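The values are calculated or read from the model by the stated rules, or taken from the named source; none is laboratory data. Predicted, not measured: the structure shown is a model, and the values here were computed from it. Using ideal geometry, Cβ is built from the backbone for each residue, glycine included, and neighbour counts are taken over all protein chains shown.
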Amino acid sequence: MNPEQDMVRVGLSRFLAARYSLDSSRAAAKTDPGWQPEIWRAFAEELGILGATLPESAGGSGGRGTEAMVISEELGRALVIEPFIDTVIVAGGLLARAGGKAATAVLAQVAAGSAIVALAATDADSGDRWDGLSTTAVCDGDDWLISGSKIVVIAAPLATHLLITARAADHDALFLTEFDATAPPGGLTVHAYRTIDDRRAADLVFDDVRLPAEALLQADAAPSLARARDEGAAAVCSEAVGAMRRVLADTVEYTKHRQQFGQPIGSFQVLAHRMVDMYMELQQAVSAVYLAVLNLDEEPDVRARAVSAAKATVGRAARFIGQNAVQLHGGMGMTEELAIGHYFKRLTALQYEFGSTDFHRARYATLTRPHDTQE
Amino acid sequence: MTQHYIFSRESTLAGAPELSPMGIRMVAHAIIAFGTPAQQDYFLPRILTGEVFFCQGYSEPEAGSDLAALSMAAVDDGEDLVCTGSKIWTTHAGQANWIFALVRTSRSARKQHGITFVLIDMTTPGIEIRPLVMTSGEQIQNQIFFDAVRVPKANVIGAIDDGWTVAKYLLEFERGGGAMAPALQVMAESIAESAQRQPGPSGGILLDDPVFAAKLADARIRAEVLEILEYRVLAVVAAGGNPGADSSMLKILSTELSQEITELAMAAAGPRGRVYQPHATLPGGPVASFTPPADDYVSGEAWQAVATLRYLNDRAGSIYAGSNEIQRNILAKATLGL
């Protein structure tokens, strides 16, 4: 980490400690609009983190994977629900690689904090994959007609813009459109909801939704989507590390104070060993994030292998640390009264985000097959 | 016991709603073994009809795994015990009209001595219930506050100061008296059914994914074997024996297997497992801070909608009725003599 990156980390960490309490963010999640727009504005105006990884041409500061890692980890530690990874890392990356006037204009708004971009990439029948699309886009005169069903589109209810993937002319194409979930265009049905981990999301049903010709951002977006998914996975790994650091610290503290049988429960060997195992899982997760971040700019297969190694490692760690933190907190870990319950839900959801632990293990196995056994 | 097992097994296989275990499966056994004829005549028929609905008052904020450290005071006052203190993790406290509780009638060097097992009418003045919001958003558990609550001595089960004997007897029923394996088999089977309709991580259907298939097979094998193990313990009880520490083994195996099965269901649910939609099926209690959508929209099938809520709730399995760490201590001491 260089001094500039460390400054970002310290500034963000201080900001969140002073301005982002678990109580107020959970209260915001459970009432409309479901997030804190003033925090998002402060991210842009006071901290400048929304442009940290965006290109300079769009008013960003041109940072790379390390900046994304530093910011995501701090957001994870404070359990921030605002869609930094979805809008800045994933959608921001897609817009930057697509280039062009429209994309650059939206990027500038993202950096300034005035645009929230949601990516509608998961089809109802594609599991958690972004390829194998059943959503289609067909030409109708100068326009496109989009039909299909997208599920769990994170941040859609708060979005000002949508990125939509659809099959067009035998390619996975990417479309960009302005969006307001409360006033969707004709043919688009929005089912908005809250997620288990207190985000806002929606299922979107497209029935011949008409978009103008210029909404097509990229005719063959598959390589860029693959990269966006890997960058999202790497950032979520980093977010998980922040959350796990907090959860482990809370658990150790709790077991030092909770007395049963006349002594702190942390003094029982079976619990002490469990927490040592949690610590070792965390250290492996931290190392796995470095592995991913160091390889994000490499060739697609090298990048994918490193990201899969990281996501599988972090998924295992999030599961072990989350489950055992609940266990060691006893009944209190099952409630919403302590931080642990909220962190546990996030550590559960992120195991399945941008590819599950099992998906990444399988992809790693495929990518590391010895060449001579392949056809 | 054999009849209980058969009843539980058949109800589960038929998809019938679960019985609340606190009355018929638990306190009834204590009343049969330790109650007076008057207590038996009053409570047993009313437990059967459901007129008396029990909840359980064991744990306290400072007495969880170390249950014998409980301190809710019961002061002798003529015909009554006057009870003051707090119980926590009480399931269905808001619905029940009676609670069986452990209270402290005296203190001595041995903390198990001086505990008394009482039945308390929940309508008695001085009782206040605070619902706890669980991670699933449901209010299933409660904390109960007792402020000078008068309990007639006629409601003491067993002898005053000797409630630990009754409690220990009951805990063995709570931990191992039931038929968990059939329910686990049904859960695992329904995941197999659903996984035929879900996409796999690398294309194709989920049930054909080798990793998922192997995990599911492992869970189903363990459930089948657990059923035989339950029969073996049941045979001992049916012959007049006590399940003893073996009930701790059944408790560990069944709760940990259940946790793996609910986790598999969550994985099978895919991205929709992340949607918070407790209205998709009957929740376990009132849901805090949630308004269902006006059109009652549910993303995916009902089982997908609640898979993650079940996973979250099921983490309690290794905590309640004596944490699985405590159960392993019991087995180490009682069974292996360590």
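A few comments on the model shown:
- Scope region A:53-75; condition of a type in the set (Gly, Ala, Ser) and either under 16 Å from the mean Cα position of the chain (by Cα) or within 15 Å of A:Ile116 (Cβ to Cβ) (or both); matching residues: A:Gly65, A:Ala68, A:Ser72
- Some residue of region B:231-241 being assigned to a strand (DSSP E or B), within 26 Å of B:Phe34 (Cα to Cα) and within 25 Å of the chain's Cα centre (by Cα): no
- Condition check for B:Thr135: surrounded by fewer than 22 Cβ atoms within 10 Å (Cβ to Cβ), within 20 Å of the chain's Cα centre (by Cα) and within 14 Å of chain A (Cβ to nearest Cβ): no
- Selected residue [in a helix (DSSP H, G or I) and over 30 Å from A:Gln260 (Cα atoms)] from B:Ala16, B:Ala38: B:Ala38
- Flag if A:Ala249 is away from every other protein chain (no Cβ under 13 Å), in a helix (DSSP H, G or I) and closer than 30 Å to A:Asp301 by Cα: no
- For region A:43-77, the set of residues classified as under 24 Å from A:Thr195 (Cα atoms) and either surrounded by fewer than 21 Cβ atoms within 10 Å (Cβ to Cβ) or of a type in the set (Val, Ile, Thr) (or both) consists of A:Ile71 only.
- The listed residues are A:Ala243, A:Ala222, A:Ala213, A:Ala201, and the only one of them that is of a type in the set (A, V, I, L, M, F, W, C), crowded, with 24+ Cβ neighbours inside 10 Å and more than 25 Å from A:Gly331 (Cα to Cα) turns out to be A:Ala201.
- Note on region B:183-204: among residues that are of a type in the set (A, V, I, L, M) and away from chain A (no Cβ under 14 Å), the one that is farthest from the chain's Cα centre (by Cα) is B:Ala192.
- Tallying residues that are farther than 30 Å from A:Gly322 by Cβ and in contact (Cβ under 8 Å) with a residue 60 or more places away in the chain within region A:211-246 yields 12.
- Any hit, region A:286-303, residues being within 24 Å of A:Ser21 (Cβ to Cβ), in the same structural domain as A:Ser267 (by TED's automatic domain parsing) and touching a helix residue (DSSP H, G or I) at 6+ places or on another chain (Cβ under 9 Å): no
- The listed residue being of a type outside the set (Lys, Arg), more than 8 Å from every other protein chain (Cβ to nearest Cβ) and crowded, with 23+ Cβ neighbours inside 10 Å, out of A:Ala272, A:Ala339, A:Ala310: A:Ala310
- Hits in region A:109-151 - residues which are of a type in the set (A, V, I, L, M) and either farther than 19 Å from A:Leu94 by Cα or over 18 Å from the mean Cα position of the chain (by Cα) (or both): A:Ala112, A:Ala124, A:Leu133, A:Ala137, A:Val138, A:Leu145, A:Ile146, A:Ile151
- Condition check for B:Thr308: of a type in the set (Ser, Thr, Tyr) and more than 9 Å from chain A (Cβ to nearest Cβ): no
- The condition of being closer than 26 Å to A:Arg316 by Cβ, hydroxyl-bearing (Ser, Thr, Tyr) and away from chain A (no Cβ under 11 Å) holds for only one of B:Ser254, B:Ser318, B:Ser248, B:Ser323, that being B:Ser254.
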